[in-house]
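Accompanying notes for the structure given below.
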Amino acid sequence: MQTPLLTIVPALIALSVAAASAAPAIPAAPRALLDKYCADCHDDTTAKAKLSLERLPADFRDPRWVRVHDKLAGGEMPPPKKPQPTPAERAQLTQWLSQELVTASAARQKSEGRVVLRRMNRTEYEHTLHDLLGISVPLAQLLPEDNSIAGFDSVSTGLETSATHLVRYQTAADAALAAALPGRPIKSITVRHTGRAYLEGRLPVHRVGIDPYVRVAGDALVLHALVYGDMSMQAPRPPMAGRYRVRASVHTVGMEGKSMRVTIAKRVDRFAVEKLQHLVDIVDLPAGQTRIIEAEAFLDSPGQFLYFEGSGLPFFVEMKKARNGAPVGNDFAGPGLAFDWAELEGPLGVETGYQRLFGDLPQLPTRVVDDLAAGKPDNTKWRDLPPTDGQFANWPLVPVPREPKADANRLIRDFLPRAFRRPVDEELAAHYVALVHQQLDAGEKFPDAMRAGYRAILCSPHFLYYLEKPGRLDAYDLAARLARFLWKTLPDEPLLAAAAQGKLTEPSVLRAQTERMLADPRAQRFTRDFTDQWLGVGKILEMKPDPIYTEYDDLLAWSMPLETRRFFEEVLTHDLPTTSFLTSDWTFLNERLAQHYGIGGVDGIELRRVTLPPGSHRGGVITHASVLKMSTNATYTSPVKRGVWLLDRIIGKTPPPPPPDVKAAEPDIRGATTIREQLDKHKSEAVCAACHMHIDPPGFALENFDVLGGWREFYRVKTPPPTGGRRADLVNYPGKPVWLAKAVDAQGETDDGKPFTDIDEYKKLVLRDPDQLTRNLAEKLIIYSTGATIQFADRAVVEQIVRDVKARQYGFRVLIHAIIQSPVFLNK
């Protein structure tokens, strides 16, 4: 039975673990081997790495035993200069440890589950309320940032709940309810104006700068120069905050067969503009064609609007100077962008929220409600007023109950199963109904009492947390986990229906539901959220390159993450091999990225799949400009940073963090020495060499890629280097000269002694072990989807998944299904 809880989470629900009995002693045989080969460094006196095997109890839930196992199994311990166990002794010790660790890990999972109590993260909270209430107001920004564990913000141990969270959840719930209950007669409308009407409707003061260089052709407005957003062609203004769909009919003139790029953007503050958050979409407009362009965006006030700009046109000030101030005439034959019309549709989905909260209850202005209660007739004309009329600020629309307590009972009981993602028992439902009834008995008006009830539900542990029981997930918990994984939200009606029928736990039904969900547009949330965190491209705009990288512009920054997300979608949609993320003979490019990569024959701004030419050095996400930019610094590349990134995100051999007293090496930006020369000292320092023998090879293999992911043969510096420098144009950017210093050296040797000369040869070496690439990706997806890091008992499950996927040519979609059908996904 579900237990009624208070309206706000008082504290995290504690997971109690019975006190363990005294740990048994380590058996004589393994103890003898540990004493023989490990005690010299790990006794009480020496305790290297702060590990004493003399004091370490035989409690195999202790993660230090996992470290001991992995170091022994990997041959890293004992160190090379120490006495080594025979293969039989090493096998005996690791097999004993493995058995003990599996037993301890499985016992903990059986009693507690893999995942400790997990709440929604910010992204899930926003998507859930958007889908539950049919709203689009931003909510994630109202909540504190979530911690990242193992690279993801979905891991339960990082999702703590503080007093700040409790307050912010109330604020976010109020904002969501306010968006669902706008208090005015809102219906989605479509407003259109022609180019002529838009121009003629502007105030004379707003036409001073634009009139001389635009002209009207019929009902179309033709722009012959570029202006800023508040003077360019705009869509109609929104009547209120909400999500809108914008469309425009556009064509080019005087372009002599050339296409044009059209940007759809929204006016925002300058800080956001610098982060490229003003861009909604960029589309191609072929010459000689009229195209209807379309996009959606959230506009947070009537003062925010959507506007259009065309590329390739001069700025107004430039055109004014070139023409000595002479305006264009109707016979002007120069290039231009013509707008036949622009329209705005929205706000979208505005009636959904009210219906889900108040069903078919009518709405009336508070003034009318008061008049009717006093026996006065409704003689107002409010139904004929526009939503923007000031009356609704003073007398907002409110739901009018027929029988307040009966309506509250019905509406709350209808809302609870959707919000809590499962049927709700009588005791829990009665708790929330009683809360509203208490408000009514205290004299609160019906709308306010219902808001209090809905706020309590949206701040309840049953809403914010996934309250799963140890063992096999029931059908509703499985539906919630699946929806959270693929859609970042709550289950929809078909998923809940499958759970209610008891069929969702059947493998064939689970597979069919997974396929249905992957085909749904909401699966794009998984693509974006997973790639943004796994590969780090979600933070691509947080690092602005040093001005020395003059080729960096908004269009390149906008294109970079799109390549990676489209690449991921392609691999998933077509079940391409997991090895595609390391290497491929194709990628997604537009003209700007193709220029950056030195690949010809790609025209236009819209990304499309492109076969890479021989010798391009591209292929796989590790050579995407987005990934290369995120795995470096603003001024210089770091083989250490990139090496750690590649080992962790792609190869799956995450190195430990550096000792606290080791200073990071920074390249000499004068160009006198290279980072390779500075890192050579790691070969002679034992404390560094143990890790850098793994880190440096992948980092050096990527050294031919600069801060922006552009190919280079020489290091770039700001000023003439002390020796051996020269001035030359950037690769792929004629007319952009820079100072070049020493040559890049991308050769190296892997930790197992395999030499390579560049990234192409390095990828071939890594590709010899596709199982490891698949294993790493499987582990990342398991962590992301279940909310728990990989535990020792999970390792056998991961190996079975790898074997299953290998038998199906390492298909990535096969991997998704294998994880969802596995015990780690189907159990708490």
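Computed on alpha carbon atoms, what radius of gyration and Dmax characterise segment 231-375, expressed in Å?
Using the Cα atoms of segment 231-375, the pair Rg, Dmax is 21.3, 73 Å.
Kirkwood hydrodynamic radius of segment 371-508 from all distinct Cα pairs, in Å?
17.9
Could you let me know the centre-to-centre spacing of segment 281-302 and segment 92-140, using Cα atoms, in angstrom?
First find each Cα centre; the distance between them is then 40 Å.
Roughly speaking, what is the centre-to-centre gap between segment 185-200 and segment 708-740 when only Cα atoms are used, to the nearest Å?
About 51 Å separates the Cα centre of segment 185-200 from the one of segment 708-740.
At q = 0.21 Å⁻¹, what log₁₀ I(q)/I(0) does segment 704-828 have when each alpha carbon counts as one equal point scatterer in the Debye sum?
Debye intensities relative to I(0), on a log10 scale: -1.10.
For segment 549-608, restrict the atom set to alpha-carbon positions and state the Rg and Dmax in Å.
Cα radius of gyration and Dmax of segment 549-608 are 12.3, 39 Å respectively.
Using protein chains only and a probe of 1.4 angstrom, how many square angstrom of Lys381 are accessible, to the nearest 10?
Roughly 150 Å² of Lys381 is accessible to a 1.4 Å probe.
If you roll a 1.4 Å probe over the chain with all protein chains in place, what percent of the accessible area is carbon or sulfur?
Ligands and nucleic acids excluded, carbon and sulfur reach 53 percent.
Which distance in Å, rounded to a whole number, links the C-alpha centroids of segment 163-177 and segment 753-828?
38
Which percent of Cα-Cα pairs in segment 93-206 sits in each 5 Å bin, short to long?
In order of increasing distance, the bins hold 2, 9, 12, 12, 10, 10, 9, 9, 8, 6, 5, 3, 2, 2, 2, 1, 1, 0 percent.
Helix-derived [θ] at 222 nm for the chain: sum -39500 (n - 2.57) over DSSP H runs of at least 4, divide by residue count, nearest 500?
-12000 deg cm²/dmol
Suppose the chain between Asp59 and Val191 were pulled fully straight at 0.36 nm per residue; how much longer would it get relative to their current alpha carbon spacing?
40.6 nm
Ignoring ligands, DNA and RNA, what accessible area per residue does the chain give at 1.4 Å, in Å²?
For the chain, the per-residue accessible area is 45 Å².
Could you work out the pair-distance distribution P(r) of segment 141-237 from its alpha-carbon pairs, with 5 angstrom bin width and percents rounded to whole numbers?
All Cα pairs, binned at 5 Å, distribute as 2, 10, 13, 12, 7, 6, 7, 10, 11, 9, 8, 4, 0 percent.
Take every Cα-Cα distance within segment 301-393, group them into 10 Å bins from 0 onward, and report for each bin the whole-number percent of pairs it holds.
The distribution over segment 301-393 is 10, 23, 21, 13, 13, 13, 6, 0, given as percents.
Counting pairs of alpha carbon atoms under 8 Å apart in space and at least six apart in sequence, what relative contact order in percent does the chain give?
It comes to 12 percent, rounded to a whole number.
Computed on alpha carbon atoms, what radius of gyration and Dmax characterise the chain, expressed in Å?
Cα radius of gyration and Dmax of the chain are 31.2, 99 Å respectively.
Roughly how many Å² of Leu372 are accessible to a 1.4 Å probe, to the nearest 10?
90
The values are calculated or read from the model by the stated rules, or taken from the named source; none is laboratory data. Every value quoted in this text rests on a predicted model; they were computed, and no experiment measured them. Side chains included, ligands, DNA and RNA excluded: accessible areas come from the protein's heavy atoms. Shrake-Rupley method; radii C 1.70, N 1.55, O 1.52, S 1.80 Å.
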